[in-house]
Amino acid sequence: PDATLQRLDGFLARLPAGVQLFSLFNVNPDLLDLLVDILGFGGRIADYLTAHAGQLEAVLAPGFFSTLPGREALQERLTAELATARDFEDMLDVLRRWTNDQRFRAAVHILRRLSETPACAAFLSDVTEVALQALVPRVEAEFARRHGRFPQGGLALLAMGKLGGREMTIRSDLDLIMIHDAGAEQESDGEKPISPMVYYTRLIQRLVSAITAPTAQGALFEVDMRLRPSGNAGPLATSLEAFTAYQRGDAWTWEHMALTRARVIHADGPLSERIEAEIRSLLALPRDPDKLRRDIAEMRGRMARQRDTGDIWNIKHFRGGLVDVEFIAQYLQLRHAAEHPEILHQATSEVLRRAGAAGILPEDEAERLLRALATWQRVQAFLRFAVEDK
């Protein structure tokens, strides 16, 4: 109780005036109950609300506690919000404010148990995709004002990890690979023409900065691009041709494991279909089962040595936790997709269901893994907004 009162004091101290808030409490007693729940719970959600006291007003929006909206409704609302932006910098603030509103809504749904974990994960994934799909064309247009475009080229965002599998949590960062196809063009068609490699390297730098740079509304997301070909040593701008050559000739097994969760979330023109067809073809290649098992076991052993696998609250890396279930699903795809391409899917749960249906896994084992996965994802979703270091 003392800690709750201290958090309330910090919350009130950040308000420009208290009269309006207490009037809202008088009219909406449920709002006070929610504030007590959040501040009494503590953790990241309490810290966030204390730092962004105005966020509480989002609770008053119609339907805040009802079923989480789908992608089309989110797109409509964000489009309306962005229409009020005065310039590019204002657009970044509007986008961050809207995205944080949605994150806060998901956190309240988890706290109050208003929505199941898969629904919140899908909602947060939709929010992320809608935000990025609104941001990318605006960054491209801003960049093209000086350097023009490649009429035959385009840029695609390939989501990996949590976003690729539509399993986002409140704190998930973005694992992205950015792929371009400038065709046969030698230079862009703008006032300051530049080559494709320079063009897309600078464009991607601008895009990552637009996503990660903090404004008055905070940062949008953290971005991790280490899964791109050659990792941190590789170029930011990867052509489709170079991506294909690397994946077929130089990629390690763990990179193909990561690729099982790859999904194009934004692309110019037909680039999306070309990338997804190449990924499916790559994942369905026959593989040496002994080498595959050995590579994956070695990868898991390295992770165990680098991470704390003795802490039961380390849901991701604890022995028998999320990583082990995900590795099983990734192994099954790389091992059996050549004969059973129907098992390919970005979501771990769907892979396990399909593997059970195809007879690759005994159905009782598939169900056991699905129950474990659901438990770990539910606990992790709760910890991600409750505890700083989990």
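The values are calculated or read from the model by the stated rules, or taken from the named source; none is laboratory data. This is a predicted model, so every value here is computed, not measured. Reconstructed Cβ throughout: ideal geometry from the backbone, glycine too, with neighbour counts over all protein chains shown. Note: areas computed on protein heavy atoms with side chains; ligands, DNA, RNA excluded. Shrake-Rupley method; radii C 1.70, N 1.55, O 1.52, S 1.80 Å.
For residues that are hydroxyl-bearing (Ser, Thr, Tyr), open to solvent by 20 Å² or more (accessible area, probe 1.4 Å) and under 23 Å from LEU259 (Cβ atoms), tally how many sit in segment 175-204.
Looking only at that region, the number is 1.
So, of the residues in segment 140-171 that are in a loop (DSSP other than H, G, I, E, B), in contact (Cβ under 8 Å) with a residue 60 or more places away in the chain and touching a Ser or Thr at 6+ places or on another chain (Cβ under 8 Å), which turns out to be farthest from SER272 (Cα to Cα)? Can you show your working first?
Of segment 140-171, the ones in a loop (DSSP other than H, G, I, E, B) are 148-153, 160, 165-171.
Add one more test, that the residue is in contact (Cβ under 8 Å) with a residue 60 or more places away in the chain, and what stays is 153, 160, 165-167, 169-171.
Narrowing further to those that are touching a Ser or Thr at 6+ places or on another chain (Cβ under 8 Å): 165-167.
Values: GLY165: 17, ARG166: 18, GLU167: 21 Å.
My answer is GLU167.
Between a first residue in segment 190-201 that is of a type in the set (Asp, Glu) and a second residue that is part of a helix (DSSP H, G or I) and open to solvent by 40 Å² or more (accessible area, probe 1.4 Å), which pairs have beta carbons less than 7 Å apart while being 6 or more apart in sequence or on different chains?
Between residues of segment 190-201 that are of a type in the set (Asp, Glu) and residues that are part of a helix (DSSP H, G or I) and open to solvent by 40 Å² or more (accessible area, probe 1.4 Å), the close pairs are GLU191/ARG146.
Name the single residue, out of those in segment 339-370 being more than 23 Å from the chain's Cα centre (by Cα) and among the charged types (D, E, K, R), that is least open to solvent (accessible area, probe 1.4 Å).
ARG354
Is it the case, given these coordinates, that ALA213 is of a type in the set (Gly, Ala, Ser) and under 12 Å from the mean Cα position of the chain (by Cα)? Quick ask: steps written out before the conclusion?
Numbers: of a type in the set (Gly, Ala, Ser): yes; under 12 Å from the mean Cα position of the chain (by Cα): no.
So ALA213 does not fit the description; no.
For ILE328, state whether it is part of a loop (DSSP other than H, G, I, E, B) and either free of Cβ contacts under 8 Å to residues at least 40 places away in the same chain or open to solvent by 40 Å² or more (accessible area, probe 1.4 Å) (or both). Explain how you work it out, then say what you get.
Details: part of a loop (DSSP other than H, G, I, E, B): no; either free of Cβ contacts under 8 Å to residues at least 40 places away in the same chain or open to solvent by 40 Å² or more (accessible area, probe 1.4 Å) (or both): yes.
For ILE328, the condition - part of a loop (DSSP other than H, G, I, E, B) and either free of Cβ contacts under 8 Å to residues at least 40 places away in the same chain or open to solvent by 40 Å² or more (accessible area, probe 1.4 Å) (or both) - is not met.
Run PRO137 past the list (1) modelled with pLDDT of 95 or more; (2) assigned to a loop (DSSP other than H, G, I, E, B); (3) surrounded by fewer than 21 Cβ atoms within 10 Å (Cβ to Cβ) and report the number of the one that doesn't hold.
That leaves (2) as the condition not met.
Do any helices (runs of 4 or more DSSP H) entirely within segment 192-308 hold 1 or more residues that are of a type outside the set (A, V, I, L, M) and in contact with a Leu (Cβ under 8 Å, 6 or more places away or on another chain), and if so, which? Spell out how you get there, then give the answer.
On the way: elements: 196-212, 240-249, 253-259, 271-283, 289-306.
So the answer is 196-212, 240-249, 253-259, 271-283.
For SER115, which of the numbered conditions (1) under 23 Å from THR238 (Cβ atoms); (2) among the small types (Gly, Ala, Ser); (3) out of contact with any Gly (no Cβ under 7 Å at 6 or more places or on another chain) fails to hold?
With respect to (1) under 23 Å from THR238 (Cβ atoms); (2) among the small types (Gly, Ala, Ser); (3) out of contact with any Gly (no Cβ under 7 Å at 6 or more places or on another chain), SER115 is out only on (1).
Hey, does segment 312-325 have a residue that's free of Cβ contacts under 8 Å to residues at least 40 places away in the same chain, open to solvent by less than 40 Å² (accessible area, probe 1.4 Å) and more than 30 Å from LEU49 (Cβ to Cβ)?
yes
LEU74: within 18 Å of HIS109 (Cα to Cα), in contact (Cβ under 8 Å) with a residue 24 or more places away in the chain and either of a type outside the set (D, E, K, R) or in a helix (DSSP H, G or I) (or both), yes or no? Steps first, answer last, please.
On the way: within 18 Å of HIS109 (Cα to Cα): yes; in contact (Cβ under 8 Å) with a residue 24 or more places away in the chain: yes; either of a type outside the set (D, E, K, R) or in a helix (DSSP H, G or I) (or both): yes.
Judged against the criteria, LEU74 is a match.
Mind listing whichever residues of segment 10-23 are part of a helix (DSSP H, G or I) and open to solvent by 40 Å² or more (accessible area, probe 1.4 Å)?
LEU12, ALA13, VAL19, GLN20, PHE22, SER23
So which residues in segment 266-308 are open to solvent by less than 60 Å² (accessible area, probe 1.4 Å) and of a type in the set (S, T, N, Q), if there are any at all?
SER272, SER281
Identify all residues within segment 32-46 that are out of contact with any Leu (no Cβ under 6 Å at 6 or more places or on another chain), modelled with pLDDT of 85 or more and surrounded by 14 or more Cβ atoms within 10 Å (Cβ to Cβ); write none if there are none.
Across segment 32-46, the qualifying residues are LEU32, LEU34, LEU35, ASP37, GLY40.
Is there a residue being more than 23 Å from ARG378 (Cβ to Cβ) and not polar (S, T, N, Q) anywhere in segment 112-127?
no
Out of (1) out of contact with any Gly (no Cβ under 8 Å at 6 or more places or on another chain); (2) at pLDDT 95 or above; (3) crowded, with 19+ Cβ neighbours inside 10 Å; (4) among the charged types (D, E, K, R), what's the single condition that is false for ARG103?
With respect to (1) out of contact with any Gly (no Cβ under 8 Å at 6 or more places or on another chain); (2) at pLDDT 95 or above; (3) crowded, with 19+ Cβ neighbours inside 10 Å; (4) among the charged types (D, E, K, R), ARG103 is out only on (2).
Please find, among ALA242, ALA237, ALA251, the residue that is modelled with pLDDT under 95, in contact with a helix residue (DSSP H, G or I) (Cβ under 6 Å, 6 or more places away or on another chain) and surrounded by 14 or more Cβ atoms within 10 Å (Cβ to Cβ).
Result: ALA237 is the single residue among ALA242, ALA237, ALA251 that is modelled with pLDDT under 95, in contact with a helix residue (DSSP H, G or I) (Cβ under 6 Å, 6 or more places away or on another chain) and surrounded by 14 or more Cβ atoms within 10 Å (Cβ to Cβ).
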